[in-house]
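Notes follow the structure.
The values are calculated or read from the model by the stated rules, or taken from the named source; none is laboratory data. Predicted model, so just to flag it, every value in this text is computed and none were measured. We place every Cβ from the backbone using ideal geometry, glycine too, and count neighbours over all the protein chains shown.
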Amino acid sequence: MTALLSRLFGRLPIGWLQLIHNRARFAAALAGVAFANILIFMQLGFLGGLIESIRLPYAQMNADILIQASDANTLADGSPLPRQRLYQALAVPGVAGATAVYYKRLDWKQPDGTVRNLDVFGIDPSAVAFKSDEINRTRPQLQLLDRAILDRRTRNVPKELFAAIDAGEPYEFEANSLRRLTVIGTFEIGGGFSADGHLIVSDQTFFRIFKDSVPGAPNYIFVTLKPGADRQSVLAALRGALPASDTAVRTIAEAVAKDQAFQTTQKPVGIVFGFGVVIGVLVGIIIVYQVLSTDVADHIREYATFKAIGYNQSFFLGVVFEEALILAIFGFIPGMIAALGIYAAVVNVTGLPVYMPLERPFYVLIGTIFMCTLSGAIATRRLARANPADLF
Amino acid sequence: MDGSQTTLERPKQAQPAPHVESPIVIEGLNHWFGEGDAKKQALYDINLTIARGQLVILMGASGSGKTTLLTLIGCLRQVQEGSARLLRNELFEAPESLLVECRRRLGFIFQAHNLHESLTAMQNVRMGLEVHGTDAMRQWKEAAAHLLTLLGLGDRLNYLPGNLSGGQKQRVAIARALVGNPDIIFADEPTAALDKDSGYEVVALLKRLAAARNTTTLMVTHDNRILEMADRIITMEDGRIVKDEV
């Protein structure tokens with residue numbers, strides 16, 4: 001390692017030799033950097049999980065354009081739309097089809113008395129509202145009342161339950177005091193930060209479960225375009241045809257972006273995770289600064305001697321930044337490995353889509369190097385105390 | 001770039017220049033410490049010329065100004081008044097870059113060895129060579145090992161300072177000072193941390209190596225046994241040179 005670094009720097013790797021000379025301190029410093037890295041990775045993981053979990057239901061929609069109430073920020077919070085908007089949308093040139101979808105939250109009581117929150121979509125069983133083959137295969141059977149398709153990635157539900165349903169063994173449960181539902185199939189979306197999973201029923205079943213919802217007031221209208229239709233001009237035509245006072249017309253991508261922006265910047269969870277990243281960076285800066293400035297202080301006589309020998313300031317800056325770089329890289333590796341383990345554990349426990357995108361380690365490494373370099377830059381201020389005239 | 005050979009010379013005044021100027025020429029040097037009311041003069045009108053290849057010993061009680069003088073000629077402090085020419089470079093009003101450049105032509109040996117504890121004997125000596133750039137580094141292993149062997153450390157080349165005795169550490173420090181072939185060696189009580197015998201031995205080695213290379217040595221010491229090795233002994237008192245014996 002020393003020989004490799006010597007070749008790399010074209011000089012003796014003093015920083016490396018200093019760091020490994022005190023192995024206990026080196027290990028503590030690396031643990032500190034790794035800890036900061038784990039903090040950052042965890043926060044980014046949760047933030048990424050939040051963003052991804054928001055996207056997943058949209059990704060299943062068989063729609064090019066989503067019509068929502070103008071006050072809707074997410075799938076869950078908009079007012080109902082007048083059903084008339086559906087017919088108005090269908091009349092716009094370029095629109096191939098449109099279907100009304102109803103949305104409500106349902107508490108699914110478990111045998112042990114705990115509750116899972118389900119996001120329930122009520123769809124027209126004759127329309128292809130979702131892309132999933134699994135949904136579309138089972139969809140015709142939703143024509144029968146009180147039938148449902150359940151998200152098999154719903155959090156904290158025994159896997160055997162879904163296996164049994166998929167094996168052709170319908171599962172019955174009491175949706176509320178009014179209806180018992182029979183689950184006849186499963187599909188896959190996965191829970192997010194607010195709901196544990198999803199449930200799809202026919203619109204008729206939906207109205208029976210939720211007495212306060214009516215056919216005249218859907219929550220969304222999924223619009224598909226004719227092949228070759230220009231998305232932007234249809235979008236503009238829809239916006240012209242529908243009153244902006246109660247209706248918002250967005251592409252799926254725009255709707256996802258709005259939802260993600262809202263939940264990451266306006267809702268506490270998103271803000272907390274962003275804040276967590278900042279804290280992780282601060283912790284890292286403080287730890288590395290502590291290590292580097294103690295190291296500079298411990299070697300002030302040696303540095304003064306090197307100054308007397310004729311080394312200039314850039315040499316000492318080089319040594320401190322060399323140490324910063326070594327701490328960044330050697331601390332990053334265990335930090336990332338630990339983070340991968342924790343990600344797997346989080347996925348296992350919460351079912352949240354917490355994964356390591358390929359670019360994230362790269363960004364975190366760059367950030368770690370930046371963080372360590374910044375600490376190094378602060379620590380070099382102590383170098384000024386190395387005065388060779390004091391050696392006599 | 002290796003700037004160690006560059007010489008920045010000031011235009012000479014009327015006085016006749018010697019053919020080869022002495023490595024150290026000091027004229028009318030005064031120095032003060034502190035500011036305002038606390039300002040205290042440490043050196044008074046020092047005039048001193050030291051010839052090449054000599055071992056000159058600087059004596060005097062503590063506070064007599066000998067260390068101040070050493071740090072001024074050693075380019076570790078700014079000259080405030082008067083002239084100090086080191087290897088034909090005027091140090092008065094010299095920029096920091098010239099001071100750094102001059103230091104590279106000097107060898108320093110301190111009271112404490114000041115070795116870097118994370119570096120082996122070889123690596124510590126290497127640091128004395130690395131400052132001269134990549135050209136000087138080509139044969140660094142041979143040069144460092146040769147010097148350390150001359151100083152009796154041939155079997156301890158890769159020892160860390162923590163595993164060396166005080167005398168051995170001071171000999172590594174001497175090797176570090178000598179490896180760059182300095183024109184002048186400044187030594188500040190190099191034997192202070194050593195017992196009498198190893199102190200004598202270390203200075204004898206230093207003198208032998210310096211003589212072989214025609215290196216000038218300026219040494220501050222109180223050690224009487226070392227005095228007999230000197231070519232010249234200068235005694236200071238209260239910031240003035242009071243005795244100059246050859």
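Quick notes
- Entirely in segment B:90-146, the helices (runs of 4 or more DSSP H) that have 1 or more residues that are within 8 Å of another protein chain (Cβ to nearest Cβ) and under 18 Å from the mean Cα position of the chain (by Cα): B:96-103, B:121-130
- Residues (assigned to a helix (DSSP H, G or I), without any contact (Cβ under 8 Å) to a residue 40 or more places away in the chain and within 14 Å of chain B (Cβ to nearest Cβ)) located in segment A:356-392: A:Ala384, A:Ala389
- Segment A:1-27 residues that are under 17 Å from A:Ile329 (Cβ atoms), paired with ones that are of a type in the set (Asp, Glu) (beta carbon under 6 Å, 6 or more apart): A:Gly15/A:Glu322; A:Gly15/A:Glu323; A:Leu19/A:Glu323
- Of all the residues in segment A:5-22, those that are under 17 Å from B:Pro161 (Cα atoms) and more than 10 Å from chain B (Cβ to nearest Cβ) number 0.
- Screening the candidates B:Gly166, B:Gly180, B:Gly199 for the property of being away from every other protein chain (no Cβ under 14 Å), more than 12 Å from B:Met59 (Cα to Cα) and in contact with a His (Cβ under 9 Å, 6 or more places away or on another chain) yields one hit, B:Gly166.
- Members of segment A:304-331 that are buried (at least 23 other Cβ atoms within 10 Å of the Cβ), away from every other protein chain (no Cβ under 14 Å) and not small (Gly, Ala, Ser): A:Val320, A:Leu327
- Single residue of A:Gln18, A:Gln43 found to be surrounded by fewer than 21 Cβ atoms within 10 Å (Cβ to Cβ), of a type in the set (S, T, N, Q), assigned to a helix (DSSP H, G or I) and at pLDDT 90 or above: A:Gln43
- Just one of the listed residues (A:Leu50, A:Leu8) is modelled with pLDDT under 90 and assigned to a helix (DSSP H, G or I), namely A:Leu8.
- Residue within segment A:138-149 that is part of a loop (DSSP other than H, G, I, E, B) and crowded, with 21+ Cβ neighbours inside 10 Å present: no
- Any hit, segment B:100-107, residues being within 30 Å of A:Thr2 (Cα to Cα) and acidic (Asp, Glu): yes
- When B:Ala175, B:Ala192 are screened for being assigned to a loop (DSSP other than H, G, I, E, B), of a type in the set (Gly, Ala, Ser) and on the phi < 0 side of the Ramachandran plot, only B:Ala192 passes.
- Checked against (1) under 30 Å from the mean Cα position of the chain (by Cα); (2) surrounded by 14 or more Cβ atoms within 10 Å (Cβ to Cβ); (3) not in a loop (DSSP other than H, G, I, E, B), A:Gly190 meets all criteria but (3).
- Once segment A:341-365 is narrowed to residues that are among the aliphatic types (A, V, I, L, M) and surrounded by fewer than 12 Cβ atoms within 10 Å (Cβ to Cβ), the residue that is nearest to A:Asn117 (Cα to Cα) is A:Val349.
- Taken as a whole, the structure leaves A:Phe222 outside the set of residues that are under 30 Å from A:Ala89 (Cα atoms), crowded, with 16+ Cβ neighbours inside 10 Å and more than 29 Å from the chain's Cα centre (by Cα).
- So A:Val201, is it without any contact (Cβ under 8 Å) to a residue 24 or more places away in the chain and among the aliphatic types (A, V, I, L, M): no
- When residues of segment B:195-246 are limited to those that are assigned to a strand (DSSP E or B) and aliphatic (A, V, I, L, M), the one farthest from the chain's Cα centre (by Cα): B:Val242
- Each residue in segment A:70-90 was checked for being touching a residue at least 40 places away in the same chain (Cβ under 8 Å) and outside any loop (DSSP other than H, G, I, E, B), and 4 of them qualify.
- Residue within segment A:273-281 that is β-branched (Val, Ile, Thr) and within 14 Å of chain B (Cβ to nearest Cβ) present: no
- A:Gly284 vs. criteria in contact with a Phe, Trp or Tyr (Cβ under 9 Å, 6 or more places away or on another chain) and of a type outside the set (D, E, K, R): yes
- Here A:Asp119 meets the list (1) assigned to a strand (DSSP E or B); (2) closer than 30 Å to A:Gly367 by Cα; (3) among the charged types (D, E, K, R) almost entirely, failing just condition (2).
- Count - residues of segment A:165-175 that are outside any strand (DSSP E or B) and surrounded by 15 or more Cβ atoms within 10 Å (Cβ to Cβ): 2
- Restricting A:Val269, A:Val234, A:Val278 to residues that are in contact with a Phe, Trp or Tyr (Cβ under 9 Å, 6 or more places away or on another chain) and assigned to a helix (DSSP H, G or I) narrows the list to A:Val269.
- Subset of segment A:293-303 that is at the interface with chain B (Cβ under 8 Å from one of its Cβ atoms) and not basic (Lys, Arg) - its residue that is nearest to B:Leu70 (Cα to Cα): A:Glu302
- When segment B:206-217 is filtered for residues that are out of contact with any helix residue (DSSP H, G or I) (no Cβ under 7 Å at 6 or more places or on another chain) and on the phi < 0 side of the Ramachandran plot, the ones remaining, listed by number, are B:Lys207, B:Arg208, B:Ala210, B:Ala211, B:Ala212, B:Arg213, B:Thr215, B:Thr216.
- First in segment A:160-183 and within 18 Å of A:Gln141 (Cα to Cα), second anywhere and assigned to a helix (DSSP H, G or I) and charged (D, E, K, R), Cβ under 6 Å, 6 or more apart: A:Arg179/A:Arg208
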